[in-house]
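Everything below concerns the one structure shown next.
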Amino acid sequence: MAIEISGLAKNFARAGGGVREVFRDFSLTLGGGRVAALLGPSGGGKSTLLRLIAGLEMPTGGSIALPIGRIGMAFQEPRLLPWRSVADNLRLAAPGLTDEALNASLAAFELDGRGGDYPGQLSLGLARRVALARAFAVEPDLLLLDEPFASLDLGLHRRLRTLLAQRISAKRMTVLIATHDLDDALLLADEVIFLGGAPAQVKRRLTIDMPRETRDENLTKLRELAPFYPSSREDDDGNSIAS
Amino acid sequence: MIRLISLGFFLLAWQLGAMALGPQHLPEPAQVAATFAQEWRNGDMQFNLGLTLARVLAGFSLAMVAGSALGLALGRSPALDRMLDPWLVIALNTPALVVIILAYVWGGLNEISALVAIALNKFPNAVVTLREGARALDPALDEMAHVFSFSRWRRWRDVRLPQLAPYFAAAARGGLALVWKIVLVVELMGRPNGVGFKMNMAFQLFDLRLLLAYALPFVALMVLAETFVLRPAERSASWWRRHGD
């Protein structure tokens, strides 16, 4: 599912009056079936762009063209229905889901046997996995992931990133990931789009041809592709220095 | 257990009080029970109690349905809310008696006027409670439902109603407590039957036995409804909050 954004403008009213321009005359084309990462600082318009594509915000001007198809999305917070079980949260989003497909969706994110749990019983890490499983369960043509690893500790972050990389490689669909973490972008995306400035502009685009399975061992080399971007490289204790 | 002992002391105090004051001022429990049995045997008790309960139920339902609908509308539309809020403040502060008199004067002394008077007294209260509920709806879950193309029906059943359930339950519980007191006044002022009418009769005859014979079973029924229907309903309205940590 290709996405064609042209001349996009988006303003928000400021609390104290006036407007904040997030986008002005912003254009971007994304090829169908590819995985793109939107990389940029927090508050730089990544989430807004995802919300515009998902139809949760209306553009102030310009247009976003995407073919009709199913959209799956994982938000910054899991956004599960607390009064429905894990299995029902998936079924509500994907009404045609067979029991077999449901179990496969859960298993892909190592949630075997969790179908009967309620969201209140889950840790944030597990809840995020359920939210991702839900986004995949709808068999989307376009998958939107908004900071899918936000506020997870480093171990969980890596684990979930690996699971996500496997799932993305297993299915052909257009994926758009908003993140501020360079490693996430380098390990998951076919193409990294660097956003910057206010209103936001595309600063650079970087294509990564390396197969996803071999990227982990070549991460240091990959990072050299983007020396201009502050990396979240980890120190010897495994702690994140910058993000 | 403590409740039963407490109830026993209440009966004892009543008995002692009755013996001290004399039957003119406070009839003994046994005398009230006898009057109750007599009214039951001739069918008056069931008839009047039944009618009053039916009025409670009808007025309560009417107020809950209409009040909830308007409350949700106000909670979701700030413009409508700004327009109608002053009316709501007036309605909330109008004495029940005024509403009842106006309903009977404008509508005549009939069943419809009685029901309108009962419902109108609870109505603004339900509006305010459900308006709070609608304002507290989580927009993040609505967005989730939008992205995953939930149908309208599912958006209400699975996303919004579970969030509103505690507000419905609170409005219902507060509503019953208000409505059953209002119903008696409405009956006393303009109906030829019901517990309120019987109380009016007892008042005119200064017959405290009759008054208490009707009042106590009615109070007991309302306490039972509150304890075994509304309070459990309120607890189960937010059962999912008790999951996990």
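The values are calculated or read from the model by the stated rules, or taken from the named source; none is laboratory data. None of these values were measured; they are calculated from a predicted model. Every residue, glycine among them, receives a Cβ derived from its backbone with ideal geometry; neighbour counts consider all protein chains shown. The protein model used for the area step is the full one, side chains on, heavy atoms only, and it has no ligands, DNA or RNA in it. Shrake-Rupley method; radii C 1.70, N 1.55, O 1.52, S 1.80 Å.
Observations
- Using θ = phi - 60° and Karplus 6.51 cos²θ - 1.76 cosθ + 1.60, couplings along the range A:18-30 (whole Hz; Gly, Pro as x): x, 10, 10, 8, 8, 10, 9, 6, 9, 10, 6, 10, 10
- Computed from Cα atoms alone, the Kirkwood hydrodynamic radius reported for chain B is 20.6 Å.
- Virtual spin-label span in nm between residue B:98 and residue A:103, 7 Å along Cα→Cβ: 6.7 nm
- Between residue B:6 and residue B:19, the contour length at 0.36 nm per residue exceeds the Cα-Cα span by 2.7 nm.
- Under the Debye formula (equal points on every Cα, no solvent term), log10 I(q)/I(0) of the range A:136-194 at q = 0.13, 0.20, 0.21, 0.29 Å⁻¹: -0.31, -0.76, -0.84, -1.48
- Relative contact order, whole percent, for chain B stands at 25, derived from Cα pairs under 8 Å and 6 or more residues apart.
- Taken over the range B:35-159, the ratio of Cα radius of gyration to 2.2 N^0.38 Å equals 1.45.
- Whole-Å semi-axes of the ellipsoid equivalent to the range B:97-220 (Cα gyration tensor, √5λ, descending): 42, 16, 10
- Förster-model FRET efficiency, 22 Å R0, residue A:124 and residue B:239, C-beta, rounded to 0.05: 0.50
- Diffusion constant of chain A at 25 °C, which comes from Stokes-Einstein with the Kirkwood Cα-pair radius and 0.890 mPa s, µm²/s: 131 µm²/s
- Seen from residue B:221, the other residues with C-beta closer than 14 Å to its C-beta sum to a net charge of +1, counting Lys and Arg as +1 and Asp and Glu as -1.
- Scaled against the 2.2 N^0.38 Å expected of a compact globular protein of N residues, the Cα radius of gyration of the range B:64-105 reads 1.36.
- Helix B:44-76 axis, angle to chain B major axis (alpha carbon atoms, nearest 10°): 20 degrees
- Per residue solvent-accessible surface (Å²) - the range B:49-235, probe of 1.4 Å: 48 Å²
- Shape category assigned to the range B:206-245 from the gyration tensor of Cα positions, a/c cut at 1.5: prolate
- Using the Cβ-Cβ distance between residue A:166 and residue A:219 with R0 set to 22 Å, the FRET efficiency from 1/(1 + (r/R0)^6) comes to roughly 0.85.
- Of the trypsin sites (Lys or Arg not before Pro) found in the range A:68-122, those in coil by DSSP whose Cβ has at most 16 other Cβ atoms within 10 Å are A:70.
- Anisotropy class of the range A:84-208 from Cα gyration tensor, a/c 1.5 cut: prolate
- Average projected area [Cα convex hull, the range A:155-226], square nanometres: 5.3 nm²
- Rounded tilt (10° steps) of B:2-21 against the dominant C-alpha axis of chain B: 40 degrees
- Residues losing 30 Å² or more accessible surface upon assembly, the range A:74-101, compared with the chain by itself, 1.4 Å: A:75, A:79, A:81, A:82, A:83, A:84, A:92, A:93
- Kirkwood hydrodynamic radius of the range A:70-140, from the reciprocal of the average inverse Cα-Cα distance over all distinct pairs: 11.6 Å.
- Annotation: extensible slack from residue A:202 through residue A:112 equals 28.4 nm (criterion: 0.36 nm per residue apart, minus Cα-Cα distance).
- The range B:180-233-the range A:95-147 distance, computed between alpha-carbon centres (Å): 55 Å
- Per-residue 3J(HN,Hα) values for the range B:227-235, derived from phi via the Karplus relation 6.51 cos²θ - 1.76 cosθ + 1.60 with θ = phi - 60°, read 6, 9, 10, 6, 5, x, 4, 5, 5 Hz in sequence order (x marks Gly and Pro).
- Dimensionless Rg ratio for the protein assembly as shown, taking C-alpha atoms and the 2.2 N^0.38 Å reference: 1.40
- Gyration tensor (alpha-carbon) shape descriptor, the range B:1-72, a/c threshold 1.5: prolate
- Helix B:29-41 and the long axis of chain B differ in direction by around 80°, with both axes built from C-alpha atoms.
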